[in-house]
Amino acid sequence: MDTNELARLAGAAGLTRYLELYPEQLRAAFSLTGDLVRRLPKDLGPTDEPGHVFRLPFSRETGQ
Amino acid sequence: MSDLGWLSLAEASRLMDARKLSPVTLVDALLARIEQLDPKWHAFIRLMPEEARAAAQAAETEIMAGRRRGPLHGIPVGLKDIIDLAGVPTTCHSKLFAGHVATKNAVVTERLEAAGAVFMGKLSTHEFAIGGPSFDLPWPPAVNPWGGGNFPGGSSSGSGVALATGMLPAALGTDTGGSVRNPASMCAIVGLKPTYGRVSRRGVFPLSFSLDHVGPMTRDVVDNALLLQVLAGHDPLDPGSVDVAVPDFSAEIGRGVKGLKIGLVRHFYDGDETAHPEQIAAIDAAAEVLRQQGADVREIRLAPLGDYSVCNRIILASEAFALHRRDLAERPGDYGALARQRLVGGAIIGAADYVDALRQRDRLVHLTLEAMAGFDAVLTASSFDPPPPIDDVEACARVYPRQARQPFNVTGQPAIAIPAGFTADGLPLSIQLVGHPWAEARVYRIAHAYEAATGWTKHRPPGVM
C-alpha cells in the first residue's frame, strides 16, 4: 500500500493523526484487513440474506 | 498454603450444604492465596477483600439459618473486567476506562448476586477484549502458571489464570473469537461458550455485538454446568437474547457417550492448517477414548476453516471499529499498541463488505448444521499450539490466530474447551466439543465422559501448591 493510498484511507476514516504517530501500525492494519476483504466469497446471490436483521422488540404486555 | 484453593465449586457447595465449610473460611483462604500468588501471576486488576468478607459473612448467616439459596451461595467468583459490578470500576484493562465506575450490575452479575455468589474482584483481560498480551497498559498481563511464565491465552486471561492457580473456583469470561476457550486451552481449565442468545450480555462492554458471548470458566465440567445454570435465561433488553427454556444443564452428566454420534472435524487442524503434532495426537487420542466409551466417532467435513475465520474477523473488525472510532481518532495514545492496531483495521471495511460477511455467516450456519445433522456433537481442536513464553512477542502473535474457535462464534453453537493432556514439556493440550444450538447439556455430557475417562482436569501446574 503506497503512502498516498494510506493517507486517503486514513483521511476517510478520520485517522489522519495516525499518519504521523503510527504510520507502520496503520499500514499493517489496513493491509491485513484488505487481505481479509479480498477473501470474502464472490458468489453471494440475491437470496443470500443476512441472518442478523432488524427486528422490533417483543412486548410481553401486548403479546405482539 | 491451604488446599482449599483446589476445592471445586461442587465440592465446596456440598461442604457448605453440610455446614462443614463456612463461606468466610473459604473466602479468607482464597484471599490469602491471592495475596501470595497474584504478585507473580497477575490474574486480578482489582481485589475486593472487604466486600468479599462481608458477602461471605452474610451468606454464612443465611446458610446457618437454613436458607441456602442454591449451589452458588457462598461460592467465590471473579469477573472479567469488562463485566459491570455496580460501584466498582470496569476498566476493560485500559487507560481509557481507568476511572469508569459501573453504575449498575450487568445482568450476569445480578444473576450471580441473586444466587448468593461472593465477588472476589475484577480479573485481567486483553485490553477491550482484543489487545493482548500487552506490557504497555496500566496493569500487567496475566501470566500462565503452566510453564512458569507463558501466554495464558485470552482475552479472558485473568479468569484462566485465577482458576489454574487455585485463586478462584469459578470465573466469568467473554468470547467473541474464542476468548473463553483460548485461556481454557492454554491454562488447562474448562471454558464454555454457550449458544448465542443463551446468556445476556447487557452490562458487558461489547467488542462485537453479533459475536459476543458471556461464558462460564471453571476447573471441571460439573462446575461449569452449575455456573451456566445461574447465568442462563432470557433478557428482553439484550437484542441478541432468545426466549427459550433453560434446561437442567447437568441432567445428562454421568450418562456416558455410548450410542452417541460424534463428528471429528480433522481438516480444520490437519489440512486447512496444521496444528502442533502433539496437539494433533491429543485429539486423535481423545477420539479413541470416546470410541472406547461407546461413541461412534467418524470424520466429517465442514466449510474450510478460512471461510469462518474471514467471516468472523470482518464482522468483528467492523463492529469493534464502530464502537471505538471516536476514541481511536481522539485519544489514540490511550490505547495500548496491540489494541490500537487490531481495532483500526476495521476502518477500511466498506458497508457492502460487512453486509457480505453477514450474508456469508448465514450460509455458514446452514452448511454447518446440515453437515452435523445426525451427529450429537463435533470434536475438533481449540488451540493449535501449546502456550509460548509470554515475553516472546513473535511467538504469541504467531499462535494467537492459529485456532478453530472462530467457526462457532460465527455459527453461535455451544462449544467447550477442555484439557486433553500435556506436551512432553508439560504444557497444556486441549480439545473442543461443539453441539447443536441450545444443546449445552449434550456437550457437557460428552465432555464429562471424556474428563472422567482421562482425569486431565485434575492436573495442577508444577510449583503452584
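The values are calculated or read from the model by the stated rules, or taken from the named source; none is laboratory data. Computed from a prediction, not measured in an experiment: that's the story for all the values here. Ideal geometry is used to build each Cβ from the backbone, glycine not excepted, and the neighbour counts take in all protein chains shown.
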(message) I'd like to verify a number: residues in the stretch B:330-384 that are touching a helix residue (DSSP H, G or I) at 6+ places or on another chain (Cβ under 8 Å), surrounded by 19 or more Cβ atoms within 10 Å (Cβ to Cβ), in a helix (DSSP H, G or I) and among the hydrophobic types (A, V, I, L, M, F, W, C), how many?
(response) 7
(request) Mind listing whichever residues of the stretch B:252-298 are over 23 Å from B:Ala373 (Cβ atoms) and among the acidic types (Asp, Glu)? (result) B:Asp270, B:Glu273, B:Glu278, B:Asp284, B:Glu288
(message) Anything in the stretch A:20-31 that is surrounded by fewer than 16 Cβ atoms within 10 Å (Cβ to Cβ) and either under 15 Å from the mean Cα position of the chain (by Cα) or more than 9 Å from chain B (Cβ to nearest Cβ) (or both)? List them, or say none.
(response) A:Glu20, A:Pro23, A:Glu24, A:Ser31
(message) Among the residues of the stretch B:270-277, are any closer than 20 Å to B:Leu192 by Cα and either modelled with pLDDT under 95 or buried (at least 21 other Cβ atoms within 10 Å of the Cβ) (or both)?
(response) no
(request) Filter the stretch B:317-343 down to the residues that are of a type outside the set (A, V, I, L, M, F, W, C), under 23 Å from B:Asn409 (Cβ atoms) and at the interface with another protein chain (Cβ under 8 Å from one of its Cβ atoms), then identify the one that is farthest from the chain's Cα centre (by Cα). (result) B:Arg325
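Could you tell me how many of the residues in the stretch B:369-387 are among the polar types (S, T, N, Q) and without any contact (Cβ under 8 Å) to a residue 24 or more places away in the chain? Don't jump to the end; show me each part of the working.
If we filter the stretch B:369-387 for residues that are among the polar types (S, T, N, Q), which is where we start, we get B:380, B:382-383.
Applying the additional criterion that residues be without any contact (Cβ under 8 Å) to a residue 24 or more places away in the chain yields none.
Counting residues in the stretch B:369-387 that are among the polar types (S, T, N, Q) and without any contact (Cβ under 8 Å) to a residue 24 or more places away in the chain gives 0.
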(message) I'm told B:Asp235 meets every condition in (1) touching a His at 6+ places or on another chain (Cβ under 6 Å); (2) within 14 Å of chain A (Cβ to nearest Cβ); (3) touching a residue at least 12 places away in the same chain (Cβ under 8 Å) except one. Can you identify the failing condition by its number?
(response) (1)
(request) Within the stretch B:91-122, track down each residue that is buried (at least 24 other Cβ atoms within 10 Å of the Cβ), of a type in the set (Val, Ile, Thr) and over 17 Å from the mean Cα position of the chain (by Cα). (result) B:Thr91, B:Val118
(message) Please go through the stretch B:300-354 and give me each residue that is under 27 Å from A:Gly51 (Cβ atoms), without any contact (Cβ under 8 Å) to a residue 24 or more places away in the chain and among the hydrophobic types (A, V, I, L, M, F, W, C), ordered by number.
(response) B:Ile348, B:Ala351, B:Ala352
(request) Just one of (1) touching a helix residue (DSSP H, G or I) at 6+ places or on another chain (Cβ under 7 Å); (2) closer than 26 Å to B:Leu37 by Cα trips up B:Leu96, so point out which. (result) (2)
(message) Among the listed residues B:Leu211, B:Leu172, B:Leu192, B:Leu228, identify the single one that is at pLDDT 95 or above and assigned to a loop (DSSP other than H, G, I, E, B).
(response) B:Leu211
(request) Can you tell me which residue within the stretch B:109-132, out of those that are of a type in the set (A, V, I, L, M) and assigned to a loop (DSSP other than H, G, I, E, B), is nearest to B:Arg68 (Cα to Cα)? (result) B:Ala115
(message) Quick test of your reading of the structure: B:Ala417 fulfils all but one of (1) of a type in the set (Gly, Ala, Ser); (2) buried (at least 24 other Cβ atoms within 10 Å of the Cβ); (3) in contact with a Phe, Trp or Tyr (Cβ under 9 Å, 6 or more places away or on another chain). Name the failing condition by number.
(response) (3)
(message) For the structure I just gave you, tell me whether B:Val143 is touching a helix residue (DSSP H, G or I) at 6+ places or on another chain (Cβ under 8 Å) and either farther than 20 Å from B:Val27 by Cα or modelled with pLDDT under 95 (or both).
(response) yes
(request) Just give me the residues in the stretch B:14-26 being of a type in the set (Gly, Ala, Ser) and farther than 16 Å from B:Ala55 by Cα, in sequence order. (result) B:Ala18
